[in-house]
Structures are given as structure tokens and as C-alpha cells.
Amino acid sequence: MQVALPQPPIYLKPFVLTVHTRGRNSAAITAVYAQFVMADMQMPTPVTSLVPATSTDNRDPSWQGNIILPVCISGRHDWRVVIELETATTRYRVQQGMSMAGVR
């Protein structure tokens, strides 16, 4: 799985988040969800359902969704993206730190 942002996000402005899946089981994925969270932060953030996207190479599935990154009033920028991949029988949850150096 690879998470891609087209550019550094701008707080409170929608941006496209793309999740590329690879491997023999990637075709079994039926749903993908994304949420931005911070460690030790009690701020609720929305969960976004991603939709299947047309792959440029027509081999590996991709999923896309419009995300809005909220503003943290404490000024922190240490966002983590939580991706949930769902199949007919299993739900996988992956958390990844994002480089938010260019966030404005």
C-alpha cells in the first residue's frame, strides 16, 4: 500500500488523497477509509470513504477521496494518516506518519 498526496495540504482546503494497493490480494479490497489523527490528541476528525480510481497502468487498484485537514489549535503538525482496507472477511488498519513540513 502507498499513500500519495499531490502536494502539501493546506489546512481547511480539500485535497485529494490516493491509496495505491499492490499484490495478489489487492483486487479483494472492497472498501478503503482514511482519517487523520494525532497522538495524545482528543480532537475528533472525520473518516473519509475513498472510491475506486482508474489506474494509469490498469494493473494495481487505486482509491481516492477528498480530505480536509483540520487546524490544530495547539499548533501541532504531527498528523498520522490511518488507512483501513476492507475485504469480504477482514478489515486491516494501517497507521503512517506523514511529513507535514509544507502544511500551510
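The values are calculated or read from the model by the stated rules, or taken from the named source; none is laboratory data. The model shown is predicted, which means the values in this text are computed figures rather than measured ones. Positions of Cβ are backbone-derived with ideal geometry, glycine not excepted, and every protein chain shown enters the neighbour counts. Side chains are part of the model used for accessible areas, which takes the heavy atoms of the whole protein and leaves out ligands, DNA and RNA. Shrake-Rupley method; radii C 1.70, N 1.55, O 1.52, S 1.80 Å.
Normalised by the number of residues in the chain, what is the relative contact order in percent for Cα pairs under 8 Å and 6+ residues apart?
Once normalised by length, the contact order is 33 percent.
Which whole-Hz couplings ³J(HN,Hα) result when phi for each residue of the stretch 61-77 is put into the Karplus expression 6.51 cos²θ - 1.76 cosθ + 1.60, θ = phi - 60°, listed in order with x for Gly and Pro?
x, 10, 10, 9, x, 8, 10, 10, 7, x, 8, 8, 5, 7, x, 6, 10
Restricting to DSSP loop positions (anything but H, G, I, E, B) with no more than 16 other Cβ atoms inside 10 Å of their own Cβ, which trypsin sites (Lys or Arg not before Pro) remain in the stretch 1-81?
Sites meeting the loop and neighbour criteria: ARG22, ARG24, ARG59, ARG76.
With the chain treated as a Gaussian network of Cα nodes joined by springs under 10 Å, which of PRO61, PRO70, PRO44 yields the largest mean-square fluctuation?
PRO44
Excluding ligands, DNA and RNA, what is the solvent-accessible area per residue of the chain at a probe of 1.4 Å, expressed in Å²?
On a per-residue basis, the chain sits at 63 Å².
At 0.36 nm per residue, and after removing the present C-alpha to C-alpha distance, how many nm does the segment from GLU86 to GLN7 gain when stretched out fully?
Roughly 25.8 nm would be gained on extension.
Based on Cβ point charges of +1 for Lys and Arg and -1 for Asp and Glu, what charge dipole magnitude is obtained for the chain about its Cα centre, in debye rounded to the nearest 20?
Magnitude of the dipole: close to 60 debye.
Taking springs between alpha-carbon atoms closer than 10 angstrom, which of ALA88, ALA28, ALA53 fluctuates most in the Gaussian network model of the chain?
Ranking ALA88, ALA28, ALA53 by mean-square fluctuation puts ALA88 first.
Name the chymotrypsin sites (Phe, Trp or Tyr not before Pro) in the stretch 1-101 that are in a loop by DSSP and that have at most 13 other C-beta atoms within 10 Å, would you?
Taking the stretch 1-101 and a limit of 13 other Cβ atoms within 10 Å, the loop chymotrypsin sites (Phe, Trp or Tyr not before Pro) found are TYR11.
Using a 1.4 Å probe over the heavy atoms of the protein chains, calculate the carbon and sulfur portion of the accessible area of the chain as a whole percent.
52
Cβ under 12 Å from GLN2's Cβ, GLN2 left aside: what net charge do those residues give with Lys, Arg +1 and Asp, Glu -1?
Local charge sum for GLN2: 0.
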